[in-house]
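Accompanying notes for the structure given below.
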Amino acid sequence: MRLICAGLFKDVESFILLVLASSDTRFSVATPAIAELSKVCTAIDFADPQMTAPLYTLFCGNNSQDAERKTAPCCARVRQKLLQYLIKCRGKG
């Protein structure tokens, strides 16, 4: 968690990791992630499909026809955190 919050990555690169970390059951992981996430959200363009597509994939799974590449939706705890950010997503135009 310290590595992600250290500023070594761009805000866009660390956003998904911070959302996942903020849903962790361990207080020592979730608290710094939530604090950093509140800073990072100001720089995120929620209208950019490249930014929001991973959120949708985590929330719903990818429904791939190939069994080796198919992923299931994430757990309810993570979905609850993701939903907060999916609501902010708006398409361009």
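Just need the relative contact order of the chain here, percent rounded to a whole number, with Cα pairs under 8 Å and 6+ apart. Relative contact order of the chain: 27 percent. Against the set (1) 3, 15, 27, 27, 20, 7, 0; (2) 2, 13, 25, 27, 18, 9, 4, 2, 0; (3) 3, 13, 23, 22, 20, 12, 5, 2, 0, the structure's computed P(r) over Cα pairs in 5 Å bins from 0, in percent falls on (3). A 1.4 Å probe over all protein chains sorts 9, 46, 27 by accessible area into 27, 9, 46, starting with the largest. Computed from phi, the 3J(HN,Hα) profile of segment 2-15 under the Karplus parametrisation 6.51, -1.76, 1.60 (θ = phi - 60°) reads 4, 5, 5, 7, 6, x, 6, 10, 5, 4, 5, 6, 8, 4 Hz, with x in place of Gly and Pro. What part of the accessible area of the chain, given as a whole %, is carbon or sulfur when the probe is 1.4 angstrom? It is 56 percent, rounded to a whole number. With the other protein chains left in place, how much accessible area per residue, in square angstrom, belongs to segment 1-79 at a 1.4 angstrom probe? Per residue, segment 1-79 has an accessible area of 66 Å².
Accessible surface comparison of 88, 39, probe 1.4 Å, protein chains only, largest first: the order is 39, 88.
By the rule of a C-alpha distance below 26 Å, with chain neighbours fewer than 8 residues away ignored, the lysines paired with residue 88 are 10, 39. Figure note: 31, 52 ranked by solvent-accessible area, largest first, 1.4 Å probe, ligands and nucleic acids not counted: 31, 52.
The values are calculated or read from the model by the stated rules, or taken from the named source; none is laboratory data. Just so we're clear, the structure is a prediction, and the values are computed from it rather than from any experiment. For accessibility, only protein heavy atoms count, side chains too; no ligands or nucleic acids. Shrake-Rupley method; radii C 1.70, N 1.55, O 1.52, S 1.80 Å.
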